[in-house]
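Values in this text are rule-based calculations from the coordinates and carry no lab data. Keep in mind that what you see is a predicted model, and the values were worked out from it rather than measured. As a convention, Cβ positions derive from the backbone with ideal geometry for all residues, glycine included, and neighbour counts pool all protein chains shown.
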Amino acid sequence: MKPFTALLCFLLPVLVLLYGSACHHAGHATQPAAANAAAQWPYDTNAVSVRLYTFNENYPAENETRRPETAIVVNGTLNAKATDAGVVSAPDAAEICRIMSQSSDLVAMGLSKCFIPRHGLVWYNQQGEPVAHLSVCFECDRIDAVPQVRYKHPHTTQSEWKEKDIAKAEADIAAVKQVVGRYAGVKK
């Protein structure tokens, strides 16, 4: 066998293996990004815009005999008492989605007993219909999400709460508060 032919017989399988490995890794490099997009709250909603609203602003002075509104969207309709605070930028909306996707379920349970949300974020589809929303109470550190967040390690009782879990929930609420504060005043 001539030296060139021997070298070619050796290099050809190596090149095929290297090329196949590069294609395999390149194909997988894009798949997790797409999978992560679907795995991130609000999941596959086809949302094209996000708006921030305020509500329950004067509670309890508005009406002390009624319970406060607890959702920014009810049965697919925006809360009638909501005040539009404006469009949330795409990077800020993405940041809120990232926070919610990696947060603890303590955010949904609330770190105190009250729940008088005064801020709501609504994700809209191309037709202007609400497809996801958050009702946020920065006083009790609670966020209700629709659709529900798929928490990795849900807690079933308060006895399971640990200092690090509470600190994580508080940090997540503070991060959402920082983003919301760019668009509307936040009490507390």
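Extension gain for Leu111-Lys152 works out to 12.9 nm (0.36 nm per residue, less the C-alpha to C-alpha distance). Normalised by 2.2 N^0.38 Å, where N is the number of residues, the C-alpha radius of gyration of the range 69-182 stands at 1.05.
Residues whose amide H falls under 5 Å from that of His155, counting only those 5 or more places apart or on a different chain, are Asp105, with hydrogens built in the peptide plane. Peptides 146-156, 175-185, ordered by how many other C-beta atoms sit within 10 Å of their residues on average, highest first, read 175-185, 146-156. Between amide H atoms placed 1.01 Å from N, distances below 5 Å from Ala132 occur with Trp123, all of them 5 or more places distant or on a separate chain. Across the range 84-185, the relative contact order, built from alpha-carbon pairs under 8 Å that are at least six residues apart, equals 34 percent.
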